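Each remark here refers to the structure printed beneath this line.
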Protein chains: 2
Amino acid sequence: MDDNQFREAATASIEEIIKYYATLGERPVVSTVEPGYLRKLLPDAAPEKGEAWDLIRSDVEDKIVPGITHWQSPNFFAFFPCPATYPSILGELYSATFAAAAFNWICSPAITELETVVLDWLAQLLGLPDEYLSTGPTFGGGVIHGTASEAVMTMMTAAADKYLRAALAADHPGFATLSEEDQEDLRAARRSKLVALGGGTAHSSAKKAAQVLGLRYRSVPAPAADGYRMTGASLRATLDKVRAAGLEPFFLGTTFGTTDTCAIDDFPSIVKVLDADRDAQVAAGRTAEAADIWVHVDGAYAGSALVAPEQRTSMCPSPSNPEDPSSAPVGTAVLRRFHSFNMNMHKWLLVNFDCSCAFVRDRSWLVNALGADAHYYRNDYSDGGLVTDYRDWQLPLGRRFRSLKMWFVMRTYGGEGLRTYIRRSISLGDRFADALKSRPDLFEIITGSRFALTVFRCAPLTADEPLDVTSARTRRVCELVNSGGKIWVTGTTLDGNVAAIRVMTGNFSTQAEHVDGASKIFVDVAEQVLKEEKTKAS
Amino acid sequence: MDDNQFREAATASIEEIIKYYATLGERPVVSTVEPGYLRKLLPDAAPEKGEAWDLIRSDVEDKIVPGITHWQSPNFFAFFPCPATYPSILGELYSATFAAAAFNWICSPAITELETVVLDWLAQLLGLPDEYLSTGPTFGGGVIHGTASEAVMTMMTAAADKYLRAALAADHPGFATLSEEDQEDLRAARRSKLVALGGGTAHSSAKKAAQVLGLRYRSVPAPAADGYRMTGASLRATLDKVRAAGLEPFFLGTTFGTTDTCAIDDFPSIVKVLDADRDAQVAAGRTAEAADIWVHVDGAYAGSALVAPEQRTSMCPSPSNPEDPSSAPVGTAVLRRFHSFNMNMHKWLLVNFDCSCAFVRDRSWLVNALGADAHYYRNDYSDGGLVTDYRDWQLPLGRRFRSLKMWFVMRTYGGEGLRTYIRRSISLGDRFADALKSRPDLFEIITGSRFALTVFRCAPLTADEPLDVTSARTRRVCELVNSGGKIWVTGTTLDGNVAAIRVMTGNFSTQAEHVDGASKIFVDVAEQVLKEEKTKAS
């Protein structure tokens, strides 16, 4: 493909893309192809001779697009959003152009340096404490990972390393003077006793991280009675239980906006329990470092809401000790007490997948755990924050130029544009929840709207209607709504047995008319299902 | 940014991109900015109001491009290539447009199904055994990871899981009936004894994977005397050593084309040792499954060469037992004896970073180890190969639509185009090596040209010249060549003390004239350095 062919191909593609977005509202949201549809349409092997772009492009429209579920549709209310905005598309265009493995600074200084700058911009936009800025007092900073899964796996890796260093140094005097093999033996044996904790409503990636890393994992119950969030009391009980079993908790995965209901873990009481636990451990003879449980806050989706200052107190509405207002700072300042935080711009802040922004309070924790031959590569530049080798902040070696799309998006929309968008999403969520609330005969709101997410179920017809009858009705409504093809929503199960429906109004293209359309569909379908039930009963 | 603004912005960007590629040969290859250059050029915070695209685009040219090291330059001879071709850029354009988290099939069936199809195409193009096809006899298949680091980490995770299942079942009768806690205890204790092995010249990602996963790691020596490759004898010695230390080897990382010299591990002798080791373990009472060491073949760079059939015998030139030609198949068929293989299309097969293609002989090994709530999600479709949930083949949950760019590249160039390109790269490598060979007074070839990579050093001036004198001269030549700014090459150290220079001629834009230019620069600089030495001595 030469320059002219590329110009022609790219220009035509851009028109296709504009047309695609313009017609999104008219397409059924979810692909209706059958499993295996594509193999039947494609040859069994790559072509021997090269093919012309026109042929390839028309295959995109004819063969690929029918198999696409349209996440950018204004009628996509499922899961969480996964935005594609024009500036972020342009970011990918340039990023692909400047392709580089970019595993260290000199591989392309701009790739490293833009990342540091825009993550500091983002930290400020979100109101994170200075400790999470590259220029902050604790040598922290941010890094772009592909997904929140990688962020939590990376932090858990660093947490295990930090804990083992501290515990082995404290419990084995002269550890550093032992032979490499003896150190390794002690380390491996000790690691086998470690246990990572995560909220019962935390994302599955926390458990998977532990599974991959070969670490034990325990859920801290977060039942309906606690608002589907982790509380200090539940954490306390879990800590006692794992310690009684001879295990050593080193990592706590908490959530700011759970997947199911956008619940926020109860950070004031969690801090109180963690402080008391640390003090008790130290009183029992452990070092402060070895008694420090790493706390990671996963704000993959809801973290974006922090660009709106009025949303920040939701993270921690009160101090951990009411008698001592300084005991745990409120709002995002509570992150000072924790170790790491991540949010995905690719969920709710207009940057296309993948763009998971992970922040840490002290970057040496990452470099110590993940540096390949760290003693080799460390230098004054790196430690002074002038040169960063991000390969030591992540699992893989090579990395894409992802900061470019963040930069394009932040500049195109500005802080103001991002806040406006978040506030609109949230108010559309309220609009949807209000519509359902006006029909208490049909629906019961379970949570929300919170962060543009409403979770609800069909209303029980009588006070003593068995749970499974209500759940069956809820599932039937969800199924019919989705199979209608106009909108797409997510069905879920809370507390193991309560069927519920999640409706998320955060998509960039979603406007009031689409939300009204969705609530009307729910009302119509719920009425239809009730009629069916009546007919069947009579 | 509305449709018209996007049309205008994208059209202008495309012209910039074409201009960028057209002027690549004239730009110094390596960025010459100082550390911290970009922060000085950018504001301290994101703008409050959105900015116009023209302003952003001009900042790309003025502020970003000076900090770019031009990996696409025809004069980039460093590391390995990292291609950006027009069709792959178009792939990213469409992929960003169809943005989806794509963690399961219904999230966008085309994203899953195209990946399965193009990885089967690729497996055929590379001449992999049928076992690595999704339609093959052992239910294998391929998946696109971001990097080879992720591929090896994923395979090591699966290998540990497979080994532990087999070993625990064999050694603890009734294991499956134990309580979850007791199973976990046995598993954790056993895991602490596992050791992963990797070639002494394997990529750093193997060791880093073990470090992250909390597994022990040992290098199998691959010294100059063995051609910088792992041999069966070296493997045998290492196996004996780790077993004597009470450790259990479960994973062997081998390399087809090492980073330093593109060496190929000695697979015939390795197979022989592995077969004998398995037989001895079984004879000693272990089950065949528990005696099976997972072998991963990392062909991140050189794997691309397999599109040219004449390159395939290099992987395994002879059977492991000469008296029994069926003992280990030659060529790529040896992969039948192994477990997994990966190669990066983003290194030497014209797809832009990231696109690491990982193949496995039995996909259930991945799903067992990486499936989140596997019992929940497994279904007839998945097992029958109709529906694949690739989230269970990788570390993270979400994934990008990367198969699109592979599809565009394979169709645009065809099998023929890809072979032609690989053969041209290889022949340019020979051309470069021949030029150096014509000046034995200046240069000594250490390895190659092999797979377009030539490794050499300055010639010792006398038969007894101390190694460090030759190494100092070599480093000085490398430094001067790079600081000249015309070309960029990589200096390395072999066997811990032999300074060497790597010149890779695999870039898409590199032509004979650029290679001749590079060899001329080396001759000129080497002559200059010799003159300096003489002046200093006199």
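The values are calculated or read from the model by the stated rules, or taken from the named source; none is laboratory data. Bear in mind the structure is a predicted one, so any value in this text is a computation, not a measurement. Here the Cβ positions follow ideal geometry from the backbone for every residue, glycine too, while neighbour counts run over all protein chains shown. Just the protein is used for accessible areas: all its heavy atoms, side chains included, with ligands, DNA and RNA removed. Shrake-Rupley method; radii C 1.70, N 1.55, O 1.52, S 1.80 Å.
Condition check ((1) touching a strand residue (DSSP E or B) at 6+ places or on another chain (Cβ under 6 Å); (2) farther than 24 Å from B:Ala209 by Cβ; (3) more than 11 Å from chain B (Cβ to nearest Cβ)) across all residues:
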position: A:Ser149; (1), (2), (3): no, no, no
position: A:Met153; (1), (2), (3): no, no, no
position: A:Lys162; (1), (2), (3): no, no, yes
position: A:Pro173; (1), (2), (3): no, yes, yes
position: A:Arg187; (1), (2), (3): no, no, no
position: A:Val195; (1), (2), (3): yes, no, no
position: A:Gly199; (1), (2), (3): yes, yes, yes
position: A:Tyr217; (1), (2), (3): yes, no, no
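Report yes if A:Val152 is within 30 Å of B:Ile56 (Cα to Cα), assigned to a helix (DSSP H, G or I) and modelled with pLDDT of 95 or more, otherwise no.
Judged against the criteria, A:Val152 is not a match.
Just to verify a result, which residue in the stretch B:176-222, among those that are of a type in the set (D, E, K, R) and under 31 Å from the mean Cα position of the chain (by Cα), is farthest from B:Thr258 (Cα to Cα)?
Step one: filter the stretch B:176-222 for residues of a type in the set (D, E, K, R), giving B:180-182, B:184-185, B:187, B:190-191, B:193, B:207-208, B:216, B:218.
Narrowing the set further to residues that are under 31 Å from the mean Cα position of the chain (by Cα) leaves B:190-191, B:193, B:207-208, B:216, B:218.
On the way: B:Arg190: 32, B:Arg191: 29, B:Lys193: 28, B:Lys207: 14, B:Lys208: 16, B:Arg216: 22, B:Arg218: 17 Å.
So the residue we want is B:Arg190.
Each row is one residue, and each column tells you yes or no for (1) polar (S, T, N, Q); (2) touching a residue at least 60 places away in the same chain (Cβ under 8 Å); (3) in a loop (DSSP other than H, G, I, E, B); (4) under 19 Å from B:Glu180 (Cα atoms).
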position	(1), (2), (3), (4)
A:Ala210	no, no, no, yes
A:Ala225	no, no, no, no
A:Met230	no, no, yes, no
A:Ala237	no, no, no, no
A:Arg243	no, no, no, yes
A:Gly246	no, no, yes, yes
A:Pro249	no, no, no, yes
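In the stretch B:458-491, what count of residues is obtained for those that are among the charged types (D, E, K, R) and closer than 13 Å to B:Ser519 by Cα?
Initially, the stretch B:458-491 is screened for residues among the charged types (D, E, K, R), giving B:464-465, B:468, B:473, B:475-476, B:479, B:486.
With closer than 13 Å to B:Ser519 by Cα added as a condition, the list becomes B:486.
Residues flagged as among the charged types (D, E, K, R) and closer than 13 Å to B:Ser519 by Cα within the stretch B:458-491 amount to 1.
Among the helices (runs of 4 or more DSSP H) contained in the stretch A:1-82, which hold 1 or more residues that are under 30 Å from B:Thr135 (Cα atoms) and more than 9 Å from chain B (Cβ to nearest Cβ)? Let's see the steps before the verdict.
Numbers: elements: A:3-22, A:37-41, A:53-59.
Those helices (runs of 4 or more DSSP H) span A:37-41, A:53-59.
Among what's in the stretch B:64-86 and is open to solvent by less than 10 Å² (accessible area, probe 1.4 Å) and of a type in the set (Ser, Thr, Tyr), pick the residue that is nearest to A:Trp407 (Cα to Cα).
B:Thr69
Does A:Thr238 fit the bill of being within 23 Å of the chain's Cα centre (by Cα), open to solvent by less than 50 Å² (accessible area, probe 1.4 Å) and either outside the structural domain of A:Phe451 (by TED's automatic domain parsing) or within 25 Å of A:Asp161 (Cα to Cα) (or both)?
Details: within 23 Å of the chain's Cα centre (by Cα): no; open to solvent by less than 50 Å² (accessible area, probe 1.4 Å): yes; either outside the structural domain of A:Phe451 (by TED's automatic domain parsing) or within 25 Å of A:Asp161 (Cα to Cα) (or both): yes.
Here the answer is no, as A:Thr238 does not meet what is asked.
From the list A:Arg191, A:Arg218, A:Arg229, A:Arg187, pick out the single residue that is over 30 Å from B:Met156 (Cα atoms) and among the basic types (Lys, Arg).
Numbers: A:Arg191 fails: over 30 Å from B:Met156 (Cα atoms); A:Arg218 fails: over 30 Å from B:Met156 (Cα atoms); A:Arg187 fails: over 30 Å from B:Met156 (Cα atoms).
Criteria check complete, one pass: A:Arg229.
Could you tell me how many of the residues in the stretch B:5-62 are within 29 Å of the chain's Cα centre (by Cα) and open to solvent by 70 Å² or more (accessible area, probe 1.4 Å)?
Residues flagged as within 29 Å of the chain's Cα centre (by Cα) and open to solvent by 70 Å² or more (accessible area, probe 1.4 Å) within the stretch B:5-62 amount to 2.
State yes or no: is B:Ala45 over 30 Å from B:Gly414 (Cα atoms) and of a type in the set (A, V, I, L, M)? So that I can check it myself, show each step before the final result.
Numbers: over 30 Å from B:Gly414 (Cα atoms): yes; of a type in the set (A, V, I, L, M): yes.
Answer is yes for this residue.
For A:Tyr163, state whether it is closer than 27 Å to B:Gln183 by Cα and in a strand (DSSP E or B). Spell out the reasoning first.
Details: closer than 27 Å to B:Gln183 by Cα: yes; in a strand (DSSP E or B): no.
In short, no.
Output yes when any residue across the stretch B:220-230 is at positive phi and surrounded by fewer than 23 Cβ atoms within 10 Å (Cβ to Cβ), and no when none is. Walk me through it before giving the result.
As a first pass, look at the stretch B:220-230 and keep what is at positive phi: B:227-228.
Subsequent filtering for residues that are surrounded by fewer than 23 Cβ atoms within 10 Å (Cβ to Cβ) retains B:227.
Yes: the stretch B:220-230 contains one or more residues that are at positive phi and surrounded by fewer than 23 Cβ atoms within 10 Å (Cβ to Cβ).
Condition first: at positive phi and under 23 Å from the mean Cα position of the chain (by Cα). Now tell me which residues in the stretch A:241-259 satisfy that. Steps first, please.
Quick first cut of the stretch A:241-259, residues at positive phi only: A:246, A:257.
The answer is A:Gly257, and nothing else.
Return only the number of the condition from (1) buried (at least 24 other Cβ atoms within 10 Å of the Cβ); (2) within 7 Å of chain A (Cβ to nearest Cβ); (3) touching a Gly at 6+ places or on another chain (Cβ under 6 Å) that B:Phe98 does not satisfy.
(3)
Restricting to the stretch A:195-207, name every residue that is part of a helix (DSSP H, G or I) and either open to solvent by less than 20 Å² (accessible area, probe 1.4 Å) or in contact with a Lys or Arg (Cβ under 9 Å, 6 or more places away or on another chain) (or both).
Residues of the stretch A:195-207 part of a helix (DSSP H, G or I): A:204-207.
The answer is A:Ser205, A:Ala206.
Among the candidates B:Ile89, B:Ile111, which residue alone is open to solvent by less than 10 Å² (accessible area, probe 1.4 Å), more than 7 Å from chain A (Cβ to nearest Cβ), within 30 Å of A:Pro43 (Cα to Cα) and in contact (Cβ under 8 Å) with a residue 12 or more places away in the chain? I'd like the intermediate steps shown before the answer.
Numbers: B:Ile89 fails: more than 7 Å from chain A (Cβ to nearest Cβ).
Residue meeting the stated conditions: B:Ile111.
Each row is one residue, and each column tells you yes or no for (1) surrounded by fewer than 24 Cβ atoms within 10 Å (Cβ to Cβ); (2) modelled with pLDDT of 95 or more.
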residue: A:Asp362; (1), (2): yes, yes
residue: A:His375; (1), (2): yes, no
residue: A:Gly384; (1), (2): yes, no
residue: A:Leu397; (1), (2): yes, no
residue: A:Phe401; (1), (2): no, yes
residue: A:Glu416; (1), (2): yes, yes
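Can you pull out the residues in the stretch B:170-194 that are of a type in the set (A, V, I, L, M, F, W, C), in contact (Cβ under 8 Å) with a residue 24 or more places away in the chain and surrounded by fewer than 23 Cβ atoms within 10 Å (Cβ to Cβ)?
Residues of the stretch B:170-194 that are of a type in the set (A, V, I, L, M, F, W, C), as a first pass: B:170, B:175-176, B:178, B:186, B:188-189, B:194.
Filter again for in contact (Cβ under 8 Å) with a residue 24 or more places away in the chain, leaving B:170, B:194.
Answer for the stretch B:170-194, where residues must be of a type in the set (A, V, I, L, M, F, W, C), in contact (Cβ under 8 Å) with a residue 24 or more places away in the chain and surrounded by fewer than 23 Cβ atoms within 10 Å (Cβ to Cβ): just B:Ala170.
Working only within the stretch A:488-538, note down all residues that are of a type in the set (S, T, N, Q) and either crowded, with 17+ Cβ neighbours inside 10 Å or touching a strand residue (DSSP E or B) at 6+ places or on another chain (Cβ under 9 Å) (or both).
Quick first cut of the stretch A:488-538, residues of a type in the set (S, T, N, Q) only: A:490, A:492-493, A:497, A:505, A:507, A:509-511, A:519, A:528, A:535, A:538.
Within the stretch A:488-538, A:Thr490, A:Thr492, A:Thr493, A:Thr505, A:Asn507, A:Ser509, A:Thr510, A:Ser519 qualify.
Only one of (1) of a type outside the set (Ser, Thr, Tyr); (2) modelled with pLDDT of 95 or more; (3) assigned to a loop (DSSP other than H, G, I, E, B) fails for B:Val118. Which number is that?
(3)
So how many residues does the stretch A:248-268 have that are more than 12 Å from A:Ala206 (Cβ to Cβ), touching a strand residue (DSSP E or B) at 6+ places or on another chain (Cβ under 6 Å) and among the aromatic types (Phe, Trp, Tyr)?
2
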